[in-house]
1. How much area per residue is accessible in the chain when the probe is 1.4 Å and only protein heavy atoms are counted (Å²)?
2. What do you get for the angle between helix 26-42 and the principal long axis of the chain? Use alpha-carbon atoms, 0 to 90 degrees, nearest ten.
3. How many times 2.2 N^0.38 Å is the alpha carbon radius of gyration of region 1-76?
4. Just the number: Rg to Rh for region 57-134, Cα atoms, Kirkwood Rh, two decimals.
5. Roughly what angle does helix 130-143 make with the longest principal axis of the chain, taking Cα atoms, 0 to 90 degrees, to the nearest 10?
6. Count the DSSP beta bridges whose two residues both fall in region 12-180, then state the antiparallel fraction as a percent rounded to the nearest 5.
7. Suppose every Lys and Arg Cβ carries +1 and every Asp and Glu Cβ carries -1, with no other charges. What dipole size does the chain come out with about its Cα centre, to the nearest 20 debye?
8. Taking the Cβ of Ala19 as the center, what net charge do the other residues with Cβ under 11 Å away carry, scoring Lys and Arg +1 and Asp and Glu -1?
Amino acid sequence: MPIREILTHPDQRLRRTAAAVPRVDDDVRALLDDLVDTLRDIGGAGLAAMQIGDMRAAVIVDVGRRTHPEGKSTLLEMVNPVIVERAGHVLWREGCLSVPGVSAEVERSARLVVEYLDRDGQIVRHSAEGLEAVAIQHELDHLDGVLYFDRLGALEQKLTLQDYDRACAERTGRAGETESAP
Ligand SMILES: [Zn+2]
């Protein structure tokens, strides 16, 4: 399965709302495979289909490499996911593959229950806490066209986006240097 290009802010496709998947078929399973391959290649806690330009409501979350001592996969492949229960609050430093080079602390629910269809089209009810709960909330926000910095206060949002612009300019500068190198 191919590794897909990840859209980055301010690409307006990241601001659209995902479409519910009517049926989990081979085409949807191929999308999930692409998400898994792309996430494993780039390294991250989760990825939404929106981020590779596919507007279907599908996300994956895998925090195993960060939370398990042996780095065991805890892959969740979620189609049409909905958070049905939330409890507590937690402040967590988040980054996003679509907003590379910056991070900020975001307030999230500490624990949750999410319902979704798995790759066989079966309804799954999954309880999560800690990093996994944060990652699920972050990825589900993508399906609503929401990026994590939307949830920051005005000043912090401004500073985060200034840092992002600077990081983008540095990346472009470095790319330019590489291109002009002999
Ligand atoms: Zn993200």
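1. About 53 Å² of surface per residue is accessible.
2. Between the helix axis and the principal axis of the chain, the angle is about 40 degrees.
3. 1.13
4. Details: Rg = 13.3 Å, Rh = 13.6 Å.
Across region 57-134, the Cα-based Rg/Rh ratio is 0.98.
5. Relative to the chain, helix 130-143 is tipped by roughly 80 degrees.
6. Taking every DSSP beta bridge with both residues in region 12-180, the antiparallel ones total about 95 percent.
7. 300
8. Residues near Ala19 contribute +1 overall.
The values are calculated or read from the model by the stated rules, or taken from the named source; none is laboratory data. Remember, it's a predicted structure, so these values are computed and weren't measured experimentally. Counting neighbours? That spans all protein chains shown, and the Cβs are built from the backbone with ideal geometry, glycine included. Just so you know, the surface numbers come from the protein's heavy atoms only, side chains and all, with ligands and any DNA or RNA stripped out. Shrake-Rupley method; radii C 1.70, N 1.55, O 1.52, S 1.80 Å.
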